[in-house]
Amino acid sequence: MSPEVDHPSPLRVAVIGSGPAGFYAAEALLRSPEGNAEVDVYDRLPTPYGLVRGGVAPDHAKVKSIARVYERTAQRPSFRFLGNVMLGRDVLVEDLRAHYHQIVYATGNEVDRRLGIPGEGIPGSTPATVFVGWYNGHPDYRNARIRLQTERAAVIGNGNVAVDAARLLLRTPAELVTTDIADYALEALRNSRVRQVWLLGRRGPAQSAFTSQELRELGELTDADLCIDPADLVLDPASETEVCQPLRTIGKL
């Protein structure tokens with residue numbers, strides 16, 4: 001008889017959160033050279049993928065396609081997804097510690113940070129977290145009251161989420177119907193009276209956080225014109241220094 005081989009017990013890991021961070025952590029554990037990890041991914045929502053499902057704009061199908069990578073991870077035999085399980089309500093940390101060798105917290109930031117300024121809680125003042133979750137069909141925000149019966153809307157911020165919000169407000173129903181937008185949001189935007197959207201940034205173009213591709217998309221809208229005040233493109237000395245800094249850094253390499 002051949003001698004018995006001592007097979008080490010598998011490393012059992014619980015990952016809390018099934019967004020990109022949770023899936024990348026699971027993939028790293030499952031493809032480790034030791035190859036003896038078992039990973040259970042928990043999420044309070046019944047569906048996985050986090051911000052890829054509930055945060056990426058519905059007209060950015062290419063970005064959403066990253067979910068195919070997560071699907072391959074989920075097909076591994078040592079992977080399990082447990083949805084509709086809320087930490088602290090359905091399962092306690094003590095319970096997880098009793099059944100797993102390690103716990104990985106990959107919950108991210110689920111709520112927005114309020115500014116604490118007068119009037120931010122009045123009707124018609126909506127955090128981006130709520131608006132984005134609303135048009136993406138996130139169960140926390142599907143019943144949000146989004147006021148679209150006004151001709152002007154202001155979006156505060158100059159990052160990619162701000163541009164997404166402005167673009168979704170200005171797309172025609174014909175453009176939206178081919179996207180992954182929630183049905184109720186499509187119907188609401190179909191009846192929207194918004195005709196002007198002001199994108200307001202605290203700082204200038206040098207500090208904008210959106211990409212040039214996202215800016216081009218605003219200029220490609222079927223029934224909207226992109227208006228930029230030339231004076232807003234004039235850089236102050238500090239912004240000129242910031243823009244030129246990467247060039248000087250490259251020159252030193």
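The values are calculated or read from the model by the stated rules, or taken from the named source; none is laboratory data. Only a predicted model underlies this, so the values are computations on that prediction, with no experimental measurement involved. All Cβ positions, even for glycine, are placed from backbone atoms using ideal geometry, and neighbour counts span all protein chains on display.
Would it be correct to say that R202 is at pLDDT 90 or above and among the basic types (K, R)? Judged against the criteria, R202 is not a match. I122 meets all of the listed conditions (1) of a type in the set (A, V, I, L, M, F, W, C); (2) surrounded by fewer than 12 Cβ atoms within 10 Å (Cβ to Cβ); (3) within 19 Å of L189 (Cβ to Cβ) but one, namely (3). Filtered by the rule that a residue be part of a loop (DSSP other than H, G, I, E, B), more than 28 Å from I117 (Cα to Cα) and either within 16 Å of the chain's Cα centre (by Cα) or not aliphatic (A, V, I, L, M) (or both), the stretch 138-186 gives R171, T172, T178, T179, D180, I181, A182. What do you reckon, is L189 closer than 30 Å to V52 by Cβ, part of a helix (DSSP H, G or I) and either more than 21 Å from the chain's Cα centre (by Cα) or modelled with pLDDT of 85 or more (or both)? Criteria met by L189.
Yes or no: E217 under 19 Å from the mean Cα position of the chain (by Cα) and not hydrophobic (A, V, I, L, M, F, W, C)? In short, yes. Within the stretch 29-86, if we keep just the residues that are within 21 Å of G108 (Cβ to Cβ) and among the hydroxyl-bearing types (S, T, Y), the residue that is surrounded by the fewest Cβ atoms within 10 Å (Cβ to Cβ) turns out to be S65. For S125, the criteria (1) touching a residue at least 24 places away in the same chain (Cβ under 8 Å); (2) in a loop (DSSP other than H, G, I, E, B) hold in every case but one, which is (1). What number goes with the only condition from (1) of a type in the set (D, E, K, R); (2) at pLDDT 95 or above; (3) under 21 Å from the mean Cα position of the chain (by Cα) that D40 does not pass? Every listed condition holds for D40 apart from (3).
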